[in-house]
1. What are the residues in segment 40-87 that are surrounded by 10 or more Cβ atoms within 10 Å (Cβ to Cβ), farther than 18 Å from Asp8 by Cβ and of a type in the set (D, E, K, R), if any?
2. Report whether or not Leu42 is touching a residue at least 24 places away in the same chain (Cβ under 8 Å) and out of contact with any Leu (no Cβ under 9 Å at 6 or more places or on another chain).
3. Based on what the data block shows, is Glu40 assigned to a helix (DSSP H, G or I), acidic (Asp, Glu) and touching a strand residue (DSSP E or B) at 6+ places or on another chain (Cβ under 9 Å)?
4. For segment 7-30, which residues satisfy the criterion of being under 19 Å from Thr73 (Cα atoms) and under 10 Å from the mean Cα position of the chain (by Cα)?
Amino acid sequence: MKNRSRTDLIASILEVTSRGEARKTKIMYEAFLSYMQLKEYLSILQEKDLIKYQGSERTSFITTEKGRHFLNTYNKINQMIATIRRE
């Protein structure tokens with residue numbers, strides 16, 4: 001696996017949480033993150049209102065509307081870059 005940028009890591013987390021409620025363990029395994037990376041990025045994403053806790057127990061996360069917008073923009077930019085590389 002190639003080295004991923006901060007933006008790539010954020011997009012990976014948002015992708016996992018956009019599919020529905022996700023606990024820390026699920027996010028960590030599906031986004032291929034260490035626990036230390038997970039803690040750092042969850043904090044940043046919550047602070048920036050890209051994800052939020054879901055449910056009263058505050059054990060699961062879900063992508064916010066702002067997070068979905070970020071993910072959509074990220075995917076569009078990656079598609080444009082892939083198109084340019086093919087030319």
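1. Asp49, Lys52, Lys66
2. Values: touching a residue at least 24 places away in the same chain (Cβ under 8 Å): yes; out of contact with any Leu (no Cβ under 9 Å at 6 or more places or on another chain): yes.
Against the criterion (touching a residue at least 24 places away in the same chain (Cβ under 8 Å) and out of contact with any Leu (no Cβ under 9 Å at 6 or more places or on another chain)), Leu42 qualifies.
3. Details: assigned to a helix (DSSP H, G or I): yes; acidic (Asp, Glu): yes; touching a strand residue (DSSP E or B) at 6+ places or on another chain (Cβ under 9 Å): no.
Answer is no for this residue.
4. Here is the first cut: in segment 7-30, the ones under 19 Å from Thr73 (Cα atoms) are 7-19.
Residues satisfying the conditions are Thr7, Asp8, Leu9, Ile10, Ala11, Ser12, Ile13, Leu14, Glu15, Val16, Thr17, Ser18.
Taken together, the values in this text are just the output of simple stated rules run on the coordinates, not laboratory data. This is a predicted model, so every value here is computed, not measured. When we count neighbours, we look across all protein chains shown, and the Cβ atoms used for this are built from the backbone with ideal geometry, even at glycine.
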